[in-house]
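Read through the structure below, which is laid out as structure tokens, and then see the notes.
Each value in this text was obtained by applying a stated rule to the coordinates, not by laboratory testing. These numbers were taken from a predicted model, which means no experiment stands behind them. So basically every Cβ, Gly included, is an ideal-geometry build from the backbone, and we count neighbours across all protein chains shown.
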Amino acid sequence: MPEITISRLEFKNACTAFLDQVALEHAAGHQGKLAGRYTLIADGGTRIGIMFEKSEKTQAHCWVEARFADSIGDIGIEHKRYMASDLYKKNPKTGKISYGRHAALKSMRDLCNADLVRFTPVDAAELERLVNRLKAYEPITVGL
């Protein structure tokens with residue numbers, strides 16, 4: 001059977017449609033054609049912010065707070081950690097201080113200044129696996 005190839009835009013539209021089904025629009029709202037801002041409600045009730053880069057110019061990046069990403073372990077999806085301590089650094093080329101992350105994160109109070117992990121799923125199955133693992137998040141509680 002021949003392999004079916006879809007464009008980056010078609011893939012991102014499918015990802016956005018999936019996220020629209022499983023998550024709520026974040027209080028900060030979406031950012032037009034550039035970013036989808038979502039709140040995923042985990043099975044235990046925890047609210048997890050997700051920012052998805054929708055632009056055709058970038059890969060399908062999903063930004064998630066590191067504490068949630070760390071809880072799901074390695075699930076075989078390309079990812080990179082972005083520490084809050086690296087925010088607002090001086091650009092060596094321009095000398096100007098810059099935020100250092102995708103600008104759509106700045107209006108998401110839960111993500112803007114947190115340690116984050118940026119996942120880069122390459123197909124719908126990877127995005128679904130990521131969301132399903134996040135949805136299963138349970139906070140650790142310590143008894144007294």
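Note on the chain: with charges restricted to the Cβ of Lys and Arg (+1) and Asp and Glu (-1), its dipole about the Cα centre is near 880 debye.
Between ILE97 and THR5, the simple spin-label model (points 7 angstrom out along Cα→Cβ) gives 4.6 nm. When the Cα positions of GLN59, ILE75, THR46 are compared along the charge dipole of the stretch 8-135, GLN59 comes out farthest toward the positive end, with charges on each C-beta of Lys, Arg, Asp and Glu. Of the GluC sites (Glu not before Pro) found in the stretch 2-60, those that fall in a DSSP loop while having at most 16 other beta-carbon atoms within 10 Å are GLU3, GLU56. Taking 0.36 nm per residue of separation and subtracting the current Cα-Cα distance, fully stretching the chain between ASP115 and ASP20 would add 31.7 nm. Sites listed here are trypsin sites (Lys or Arg not before Pro) in the stretch 1-75 whose DSSP assignment is loop and whose Cβ has at most 16 other Cβ atoms within 10 Å: LYS33, LYS57. Straight Cα distances below 16 angstrom link LYS80 to the aspartates and glutamates GLU53, GLU65, ASP70, ASP115, GLU126, with same-chain residues fewer than 8 positions distant left out.
Entry for the chain at q = 0.11, 0.18 Å⁻¹: log10 I(q)/I(0) = -0.43, -1.06, Debye formula applied to identical alpha-carbon scatterers, no solvent contribution.
Let a ≥ b ≥ c be the square roots of the eigenvalues of the Cα gyration tensor of the stretch 78-144; is it rounded (a/c under 1.5), or, if not, prolate (a/b larger than b/c) or oblate? Because a/c hits 1.5 or more and a/b fails to exceed b/c, the stretch 78-144 counts as oblate. With a ≥ b ≥ c taken as the square roots of the eigenvalues of the C-alpha gyration tensor of the stretch 1-47, please select rounded if a/c is under 1.5 and otherwise prolate if a/b is larger than b/c or oblate if it is not? It is oblate, given that a/c is not under 1.5 and a/b is not larger than b/c.
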